[in-house]
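These notes are about the structure you will find just below.
The values are calculated or read from the model by the stated rules, or taken from the named source; none is laboratory data. Small disclaimer: the values here were computed from a predicted structure and weren't measured. As a convention, Cβ positions derive from the backbone with ideal geometry for all residues, glycine included, and neighbour counts pool all protein chains shown. Remember, those area values only see protein heavy atoms, side chains included, never the ligands or the DNA or RNA. Shrake-Rupley method; radii C 1.70, N 1.55, O 1.52, S 1.80 Å.
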Amino acid sequence: LCTVSVKWQKKVFESIEIDTSQPPFVFKAQLYDLSGVPPERQKIMVKGGLLKDDADWSTLGLKNGQKLMMMGTADEIVKAPEKGPVFMEDLPEEQQAANLGYSAGLVNLGNTCYMNSTMQCLISVPELKSELSNYQSARTKDVDQTSHMLTVATRELFSELDKSVKAVAPMPFWMVLQKKYPQFAQLHNGNHMQQDAEECWTQMLYTLSQSLKLPSPSEDPDAVKALFGLNLLNRLHCQESSEESSETESVFSLKCHISHEVNHLHEGLKHGLKGELEKTSPSLGRTAVYVKESLIDSLPRYLTVQFVRFFWKRESNQKAKILRKVDYPLELDIYDLCSEDLRKKLEAPRQKLRDIEGQKLGLQASAKSSSKGDDVKMTDAEGSSNQSGESSTGDQQEGASPHMTGIYDLVSVLTHKGRSADSGHYVAWVKQESGKWVQYDDANTSLQRGEDIIKLSGGGDWHMAYIVMYKARLISM
């Protein structure tokens, strides 16, 4: 670490620590937090000229206590007029963020798009935000220090994103993430390496599941598992000895395996629930091949699916990517992937949902001109679920408990663009409570058309779905 001061206009920022193991862009992100001058507008004078984003600190001769000079204009500070109408841009930043309807972007700190896209998907889950807001800053004895620090950093990051209208530089969160999981701190030629978004997603859910366990036995002891976890009932069958056994496995996501036979998410899920493994056969006294078949035995509020697009290519000794197009729906029904016991539990809620939506279709169709025919049915079918993916049947009775139906609505897509998991670019596409879709490309946010979201299915070098998240459609019984 090297400590410097930076003069900008009439201000001097004292005692700024520079981590010389990280690229200068990270230092610029620190100055962005202090001055409001975006990194692309910053001109910092150092030995030999202007500081470049990819410069090598060791060649710049930086010394402790050195005074640097920065030029650049900050983002315009919004000032409310003394009189006249109040426009949205004149409101305080927190109110602007609320009126915008979606959270701010995240500054890329140097190949951190994998982290940024993951966190934008997770912040879209209101129940997770609620659990985090109630998390105490004082660590309990059941949570290790690094998990506690990462959970607090996640809470603070979510809070900052919700209150800001300009992109947030997630430096504190990134530092804690690297401390908890050192693999995300890997360097190549002095720069941080691109990492796998799925690994970041999995590690974040694992950490939060350890931290957000509730102490009260009357409540769900694992809030994250209730939101994202599902149980698989695995049946193992040895074809040589006819041995059979079963076991239950808890996971945070399903896998969509991709082959030349898979054209749709549902087909890939079926492939992902079947496989082979080698284990010792008690009757044969040696290792044998077992066929493993899995069924879903419990459902989460949010169903996550990973498209298994990356594999290890021996000839080039690197991860390669399957570019095959695999379509995925806005509405996913996984009833046929469930165990027999779970299907029985789903039957009554599914029938009630069908009855209510059928009545709604009939009532609305009769109120319109019969000449509109199919147009009426399509409009009504789209209205069968509200903007947040919940059943909008209008029968949510006070005190009635919501039941799973096995039907899920798409709420976020994390895409990857490029040929390798160790390179390329990750972007998040998130459905808001308003029903609108927003693309989070690091610091840049933009509204998207809903019909374009399902076109991120692959088949070329454009962004293609790597992780999709669906929200359960519930109904009160």
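Just a few scattered comments:
- Of the trypsin sites (Lys or Arg not before Pro) found in region 156-197, those in coil by DSSP whose Cβ has at most 16 other Cβ atoms within 10 Å are Lys166.
- Using the Cβ of Val413 as centre and a radius below 15 Å, the other residues enclosed give a net charge of +1, where K and R count +1 and D and E count -1.
- Electrostatic tally near Leu295: other residues with Cβ closer than 14 Å to its Cβ, Lys and Arg +1, Asp and Glu -1, net 0.
- Taking every DSSP bridge with both residues inside region 2-71, close to 75 percent are antiparallel.
- Note on exposure: Val305, Val165 ranked by accessible area (1.4 Å probe, complete protein assembly) read Val165, Val305, with the most exposed listed first.
- More than 15 angstrom apart: percent of Cα pairs within region 166-266: 78 percent
- Per-residue SASA entry for Leu330, accessible area with 1.4 Å probe, Å² rounded to 10: 90 Å²
- Efficiency of FRET from Cβ geometry, Gln448 and Glu156, R₀ 30 Å, rounded to 0.05: 0.60
- Per residue, in Å², the accessible surface of region 2-71 once ligands and nucleic acids are set aside, probe 1.4 Å: 55 Å²
- Pairs from the list Lys28/Lys67; Lys63/Lys180; Lys129/Lys352; Lys345/Lys431; Lys270/Lys292; Lys255/Lys321 with a Cα-Cα gap above 20 Å: Lys63/Lys180; Lys129/Lys352; Lys345/Lys431.
- 13 Å beta-carbon shell around Ser283, net charge (K/R +1, D/E -1): -1
- Dimensionless Rg over Rh [region 2-71; C-alpha; Kirkwood]: 0.90
- With every protein chain in place and a 1.4 angstrom probe, the accessible-area ranking of Met45, Met115, largest first, reads Met45, Met115.
- The largest-to-smallest principal axis extents of the Cα set in region 120-213 are 41, 36, 22 Å.
- Rolling a 1.4 Å probe over the protein heavy atoms of region 2-71, with every protein chain left in place, gives an accessible area that is 50 percent carbon and sulfur.
- Multiplying the residue separation of Asp461 and Tyr135 by 0.36 nm and subtracting their alpha-carbon distance yields 113.2 nm.
- Each Lys and Arg adds +1 at its Cβ and each Asp and Glu adds -1 at its Cβ; summed about the Cα centre, region 2-71 shows a dipole of about 440 debye.
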